[in-house]
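The values are calculated or read from the model by the stated rules, or taken from the named source; none is laboratory data. On a predicted model such as this, the values are computed, not experimentally measured, just so you know. Virtual Cβ from ideal backbone geometry, glycine too; neighbours counted across all protein chains shown.
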Amino acid sequence: MDRARVSKHVIGALLVSLFAGGCASEFDRRFDEAERLRQDVAARGYEWINTADILEQAQASEASGDLAAALVLVEQARFQATAALLQADREAEAWKRRVVR
Amino acid sequence: MALTLLLGSLPLPSQAGPEEDRLAFVGHYQSLFPEVPIAEYANGIYALDEDARAQWLAIEDFPPYEFSIERGSELWDTSLPDGSQLTDCLGTEINKIRPQYPRYVPNQGVVTLELAINACRSAAGAKRWDYSSGDMIDLTAYLAFEARGQELNVRVPADQPGALAAYEAGKRFYYSKRGQLNFACADCHVTSVGQYVRADRLGPSLGHPTHFPVYRSKLGGMISLHQRFFGCVRDVRAKPFELQSEEFRNVEFFLSYMSNGLEINGPGARK
């Protein structure tokens, strides 16, 4: 193997490892954001039934090396927690309209 | 237009007091089902559905909850580790025990019968029972049976602001939409009461707490009121609260107040 070819492999391996590291840190960032939102909505009593389960599945996917699936799951959990927070905000007043009078 | 916008942007008016709420609540069902006597609501959906009522009455010939009452009676007579019995802690007039709950106790919040039983057990050196355990459900079934004919009489004392706060929290929970299905308890049991969900009709909340614990045929066993709450919250795809959580105790407080004056007729049998 000539020197130029070796360098190409080394640079390639370096890039792959940098990319993977970047994705992993991107996963961590997105996971932390989704988990924070889930905790916020749980504190308000409006957590949806499977948001925590989805986050657990995301962690398992990331641990098994399936980053693409992990990021999709994190996005699902983030969406759920955001929607549940909107629900909690709306219900702060909306419930009063349903009281039997 | 400007007035409408102004009114629309203002917070909604504060809630009415508990007794005004109760009268409106009862009036709602009366207006929907004028032919149904109020006392009948203690029978839940069987007040509204003749076919289901006939099946239920047939089941009552050989009540599936009888074993639970018998077992509860044995538990009632069992001595606790310190030599005392539950009657020493909960009271000697057995038919008067169940009607005392739920009640508000300062610094404790809403105390349910289950909480009171565990407090007595704990004070006597016994292990606290899990709130879904057969022992807890059997004992509450026995105490409900002994209290048959007594009326629910939940009080929200005016001199205890914590009681009103707990009542209001329960009311808020009851009317708030939650979960992926975006449903409130009231959506099924007030707004859509009597309507079909697949093969079953939605039961009224008026009278809900009178007949628990109940034997559920579909489960082949007894469940508590809080297990019913748990199931409803789960079914609208929200994360359920723990049995005997503050949230569920407040809902029980609110719903029991709404049913004040109805006879306790537990344990019951439901599909």
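Quick notes on this structure:
- Test: residue in the range B:89-103 that is modelled with pLDDT of 95 or more and within 25 Å of B:H28 (Cβ to Cβ): yes
- Residues in the range B:136-166 that are among the charged types (D, E, K, R), surrounded by fewer than 17 Cβ atoms within 10 Å (Cβ to Cβ) and within 19 Å of the chain's Cα centre (by Cα): 3 in all.
- Within the range B:73-89, the set of residues being touching a residue at least 40 places away in the same chain (Cβ under 8 Å) and either hydroxyl-bearing (S, T, Y) or in the same structural domain as B:K218 (by TED's automatic domain parsing) (or both) comprises B:S73, B:S84.
- One residue stands out among those in the range B:167-184 that are more than 10 Å from chain A (Cβ to nearest Cβ) and buried (at least 21 other Cβ atoms within 10 Å of the Cβ): the one that is nearest to B:K239 (Cα to Cα), which is B:G170.
- Residues that are away from every other protein chain (no Cβ under 14 Å) and acidic (D, E), drawn from the range B:238-270: B:E252, B:E263
- The condition (being modelled with pLDDT under 95 and farther than 17 Å from B:R53 by Cα) is satisfied by just one residue among B:R198, B:R237: B:R198.
- Scan of the range B:32-72 for residues that are without any contact (Cβ under 8 Å) to a residue 60 or more places away in the chain, part of a loop (DSSP other than H, G, I, E, B) and either out of contact with any Leu (no Cβ under 8 Å at 6 or more places or on another chain) or surrounded by 18 or more Cβ atoms within 10 Å (Cβ to Cβ) (or both), ordered by number: B:P34, B:E35, B:P37, B:D61, B:F62
Yes/no per residue for (1) within 23 Å of B:R103 (Cα to Cα); (2) touching a Lys or Arg at 6+ places or on another chain (Cβ under 6 Å); (3) among the aromatic types (F, W, Y):
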| residue | (1), (2), (3) |
| --- | --- |
| B:W129 | yes, no, yes |
| B:N153 | yes, no, no |
| B:R172 | yes, no, no |
| B:K177 | no, no, no |
| B:A199 | no, no, no |
| B:P209 | yes, no, no |
| B:H226 | yes, no, no |
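- Test: residue in the range B:165-179 that is within 24 Å of B:G17 (Cα to Cα), among the acidic types (D, E), outside the structural domain of B:P99 (by TED's automatic domain parsing) and in a helix (DSSP H, G or I): yes
- Matching residues, the range B:191-245, being within 20 Å of B:Y142 (Cα to Cα), crowded, with 21+ Cβ neighbours inside 10 Å and among the hydrophobic types (A, V, I, L, M, F, W, C): B:F212, B:V214, B:M222, B:L225
- Residue check for B:S256: under 23 Å from B:L32 (Cβ atoms) and not in a loop (DSSP other than H, G, I, E, B): yes
- Within the range A:77-101, being facing chain B (nearest Cβ under 9 Å) and in contact with a strand residue (DSSP E or B) (Cβ under 9 Å, 6 or more places away or on another chain) holds for A:Q80, A:A83, A:A84, A:Q87, A:A88, A:E91.
- Subset of the range B:142-158 (residues that are of a type outside the set (G, A, S) and either under 21 Å from B:S73 (Cα atoms) or part of a loop (DSSP other than H, G, I, E, B) (or both)): B:Y142, B:L143, B:F145, B:E146, B:R148, B:Q150, B:L152, B:N153, B:V154, B:R155, B:V156, B:P157
- Residue count, the range A:31-54 (criterion: surrounded by fewer than 18 Cβ atoms within 10 Å (Cβ to Cβ), more than 9 Å from chain B (Cβ to nearest Cβ) and not in a loop (DSSP other than H, G, I, E, B)): 7
- Residue list for the range B:73-115, filter: among the small types (G, A, S) and within 12 Å of B:T140 (Cα to Cα): B:S73
- Of the residues making up the range A:61-100, those that are under 26 Å from B:E168 (Cα atoms), surrounded by 15 or more Cβ atoms within 10 Å (Cβ to Cβ) and not aliphatic (A, V, I, L, M) are A:Q87, A:E91, A:W95, A:K96, A:R98.
- Members of the range B:209-234 that are assigned to a helix (DSSP H, G or I) and either of a type in the set (K, R) or at pLDDT below 95 (or both): B:R228, B:R234
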